[in-house]
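Here is the structure we will look at.
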């Protein structure tokens, strides 16, 4: 388990809205400086972009789950929106998810993950932040394939169940 997430949960349980508000500032380029003291209190190196980003995401949407990866989260978003798949057309969430998978590590990836976390928040979908932090740190084709497999394999299973 991530030490960062353990500390974040502790602040969340204390209902420390001040530190959570400051952590959300890491998600906005011209407000990052406001998050630095909060990150320091959490023991996060300010130069650790991924951990700082995940802390900001958690401060934005603290509902979490301990299983699955971000592909599962995106699938749950699609299901919560009631989107139905057509054989020749992608759903809006599938399209966003495909764009997320093509993102390069860094700013582009963070922006696309942030959008999906905001959608998860709006739909009440929890996020596995421990796994997300690991995946973002080691972003590569293997992780993209894992996310895609979990996103679309569930869809295939749903189709199979509907046919029975």
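The values are calculated or read from the model by the stated rules, or taken from the named source; none is laboratory data. Remember, predicted model here, so these are calculated numbers, not experimental data. Methodologically, a virtual Cβ is constructed for each residue, glycine included, from the backbone with ideal geometry; neighbour enumeration extends over all protein chains shown.
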**Item:** Hits in region 97-111 (condition: surrounded by fewer than 16 Cβ atoms within 10 Å (Cβ to Cβ) and assigned to a helix (DSSP H, G or I))
**Value:** 98, 99, 102, 107, 108, 111
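Listed here are the residues, each with its yes/no results for (1) outside the structural domain of residue 145 (by TED's automatic domain parsing); (2) more than 18 Å from residue 118 (Cβ to Cβ).
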site	(1), (2)
3	yes, yes
19	yes, yes
22	yes, yes
54	yes, no
82	no, yes
**Fill in**
Sole miss for residue 66 among (1) under 26 Å from residue 142 (Cβ atoms); (2) not in a loop (DSSP other than H, G, I, E, B) is condition (2)
**Message:** Any residue that is closer than 19 Å to residue 133 by Cβ, surrounded by 15 or more Cβ atoms within 10 Å (Cβ to Cβ) and modelled with pLDDT under 90 - is there at least one of those in region 17-38?
**Reply:** no
**Message:** Residue under question is residue 76, and the condition is that it be buried (at least 17 other Cβ atoms within 10 Å of the Cβ) and within 21 Å of residue 21 (Cβ to Cβ); does it hold?
**Reply:** no
